[in-house]
1. Being closer than 18 Å to Ser76 by Cβ and free of Cβ contacts under 8 Å to residues at least 12 places away in the same chain is the filter here, so list the residues in the stretch 21-39 that pass it.
2. Among the residues of the stretch 35-70, write down those that are of a type in the set (Asp, Glu) and part of a helix (DSSP H, G or I).
3. Among residues belonging to the stretch 381-399 that are crowded, with 19+ Cβ neighbours inside 10 Å and over 15 Å from Phe347 (Cα atoms), point out the one that is nearest to the chain's Cα centre (by Cα).
4. Determine if the stretch 310-321 includes at least one residue that is over 19 Å from Gly201 (Cα atoms) and among the hydroxyl-bearing types (Ser, Thr, Tyr).
5. Check the stretch 152-173 and report whether any residue there is surrounded by 21 or more Cβ atoms within 10 Å (Cβ to Cβ), at pLDDT below 95 and touching a Cys at 6+ places or on another chain (Cβ under 9 Å).
6. Just to be sure, is Leu80 assigned to a loop (DSSP other than H, G, I, E, B) and touching a helix residue (DSSP H, G or I) at 6+ places or on another chain (Cβ under 8 Å)?
7. Mind checking which residues of the stretch 345-391 are free of Cβ contacts under 8 Å to residues at least 24 places away in the same chain and either within 24 Å of Glu410 (Cβ to Cβ) or not in a helix (DSSP H, G or I) (or both)?
8. So, Ser125, is that one surrounded by 18 or more Cβ atoms within 10 Å (Cβ to Cβ), hydroxyl-bearing (Ser, Thr, Tyr) and either within 36 Å of the chain's Cα centre (by Cα) or within 28 Å of Glu147 (Cβ to Cβ) (or both) or not?
Amino acid sequence: MSLEDESIEGIVEQMELNISRPKLLINPCVAINNLALKKENQYDIRKSGALSLLVRIFKRYPEDPQLIEKVLGALSNSSLDPENSQFLGENTQIIPLILELLNQKTQSEQVICRSIGFIWNLCTSASNASMICEQNGISVLVDVMGENAMSLEIQSKALGAFTTLATNEEVSSQIVSEGALDPIIEALVNFADNQDLIVKGITTLFNLAANSENTEPIGQSDAPEIIFQIFKENMDDKRIVQRCSGLFSNLSSKSINNIKLGEIGLIPFLIQSVLRYKDDLQILRSTLGAMHNMSQEKQNKLIIGDAKGLQVIVVLMRTHSSSTLIQKKCSGILGSLAIEESLQELFIKSEAISALLLAMSTHSRDPVLLGNCIVCLSNLFFFESCRAVIIEKGGIDLVVGTLHENLYNEKLLERGALFLLNSTCDPKSREQIIKGEGKELCNELLKVYKNNSQITKRINGAINNMKL
């Protein structure tokens, strides 16, 4: 009968009896290691006292690599259970012991792998993650990655640990400040053909970049170029495209990064991914988010236009006409592009104005989407050819009616007031506003928003225009 057929309590009892005979502890450690792979055994392992005993053995025989490896395997598998992980962090001294072991820099690759994998499991507990950081664990992981740069298993497990740690905002700042970016980027370069490692590395950077303190340092490092290369070469891999587009969305939230992202040639490939994954809402949300952020820069607006991005956005709006999320993202991009005079003909040829008006009619209860569309129409009103299409398609009556229905949404009405001001500058649209409900709306807005100087200034300007 193998040890695994015995009760966990019986195995622990044997280990206690043989605590001074290290060779006789190896098989029981292997048995617990295997038993811990079954979820139903995790509670019994903790209840039996096995976890505390394994830590005692670790402390007693630090110079026995064969036994230490087996102990680490048992502890690592046992810590897959969140309660066991929490118990180990709170009731033993295992975290400083593991970090001290890694600091010795004399361990075998197998022991290092076991140790890093164990730390990765421990990171799932917030208190353990904090303790790892307090015990200088981030610097230890950075050093281990640097010293074992060509070990796929070590790099993969260390990235897993960093991915988990990076979900904590405070910890994520520490990860970047303590120099983790360089080994993370190096791992992506060294193992560019290993998709599992690539996904972990990009996910780590995504989590780190979600913290605004890290967004600029990551964006101004070598990471964008490396991730862009991975993105280009793996357009058929949905997992990688999802992770890359999410990271680009986070990085593009800083304007300084947008210039760099545009210069490295990202935009045409974002447009390609939109076309390729036009039915994947997760990819679309991230990709369109990145395009919206990047479209704030003039040069990027022109690149989007040259790469037929505007036409693609309009097609996407038609394809996903019922999706409020997609309509919001697309209308936001169009609003940014609409101030660029050189793109006005594209707005007409692509029928973007019709798409915007349809979005307003279909999603009349979403103030963010409505605001995006109204801003875009306001910007387009500066161009005569676009203005004519807006008037012809009934855009003025639609906007005025929308503003009436959302009279008490102040943020939306700030945007709406700009539309009324711009549209009353043109004789044809001014006449349409006067004939419709526009004049009445302006008078109501002055009453409702008498304390909002931005709205009253714009509306008074519109009223003065109507007197012309």
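The values are calculated or read from the model by the stated rules, or taken from the named source; none is laboratory data. Predicted, not measured: the structure shown is a model, and the values here were computed from it. Don't worry about glycine lacking a Cβ; one is built from the backbone with ideal geometry, like all the others, and counts go over all protein chains shown.
1. Selection gives Lys38 alone.
2. Glu40, Asp44, Glu69
3. Result: Val399.
4. Yes: one or more hits.
5. yes
6. Spelling it out, Leu80 is indeed assigned to a loop (DSSP other than H, G, I, E, B) and touching a helix residue (DSSP H, G or I) at 6+ places or on another chain (Cβ under 8 Å).
7. Within the stretch 345-391, Arg365 is the sole residue that qualifies.
8. Spelling it out, Ser125 is indeed surrounded by 18 or more Cβ atoms within 10 Å (Cβ to Cβ), hydroxyl-bearing (Ser, Thr, Tyr) and either within 36 Å of the chain's Cα centre (by Cα) or within 28 Å of Glu147 (Cβ to Cβ) (or both).
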